[in-house]
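Since every read-out is calculated from the coordinates, none of them should be taken as a lab result. Keep in mind the model is a prediction, meaning the values are calculated, not measured. Positions of Cβ are backbone-derived with ideal geometry, glycine not excepted, and every protein chain shown enters the neighbour counts.
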Amino acid sequence: MVVTEHMPPFQIIDDNPKRPIEGYSVDILRTTLKQAHIDYSIMPMTWERAYSLGQKKPNTIILSMVRKPEREKMFHWLIKLSKTKSSLWGYQSDQQPLTSLNEITDEIIAVSRNDHHQLMLKKYTNLTEKNFIYTRSKEQAIALVTKHRAQYFLGNELILNWRLKLAQLERTDIVKIFEFPQVENEIYIAASLETSPRIRNKIKKAYAKLQVNGEIKTIADKWFKP
């Protein structure tokens, strides 16, 4: 079983259930599992539920999860997809000068539960539960900021631009407060700890073969070339 959230361009999940799930990581997964001769089903869901199932259910693959030290021993890390950087974002008309999260006092940050940004925020001792509104998706976090119910959310610029485009929201209203220069997020296709070693090895070998024959580069060019 493959579990995933809406996270464009890695996974694009449309409201229309008849439309197939697409995206960069989806193409990588489908091509790799076809090469490995592994049957599968993809189940779209909230990130919180996907993260939970990935910890509990054997033979479960999670698409596009950020690899963090806190998560290292919780999953098998199969395929490295990309590197991204995180930034703090806000609504243009609400902004006061801010150079660090250490300067936040009463402001509210909208954050998805069990998102890797939640792990980042734990490092700031000035932030407590009063500073957070928890959401089921990044789209909800963005909506809270645009409705002035929260001042900030965290996200990657590439993924944010895709989210706003698909949600038909104006990019000009959302401004970058600052980028975290020392934080680089590695995004992986991961598997639950009780995933069969045979399955894991077949996936890794199939992906390596696709790298050699150029199919992985072709998929990357499809999604990331200007």
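In the chain, taking the dipole from charged Cβ atoms about the Cα centre, the farthest positive-side position among His37, Ile104, Leu154 is held by His37. Each listed q (0.22 Å⁻¹) maps to a log10 I(q)/I(0) for segment 1-41, found by the Debye formula over equal Cα scatterers with no solvent: -0.73. So for segment 84-184, considering every pair of alpha-carbon atoms, how many percent are separated by more than 20 Å? Across segment 84-184, Cα pairs with separations above 20 Å total 30 percent.
Ignoring the sites themselves, the chain has its longest run without GluC sites (Glu not before Pro) in a DSSP loop having at most 14 other Cβ atoms within 10 Å at 1-169.
Between the residues Tyr188, Ile177, Thr46, the greatest Cα displacement towards the positive end of the dipole of the chain, with unit charges on the Cβ of Lys, Arg, Asp and Glu, is found for Tyr188.
Within segment 84-184, DSSP assigns beta bridges of which about 60% are antiparallel (rounded to the nearest 5). Could you give the nm distance between label points at Lys217 and Glu107, where each point is 7 Å from its Cα heading toward the beta carbon? Output for this residue pair reads 4.3 nm. How many percent of Cα pairs in the chain exceed 23 Å? Looking at the chain, the distances longer than 23 Å represent 49 percent of pairs.
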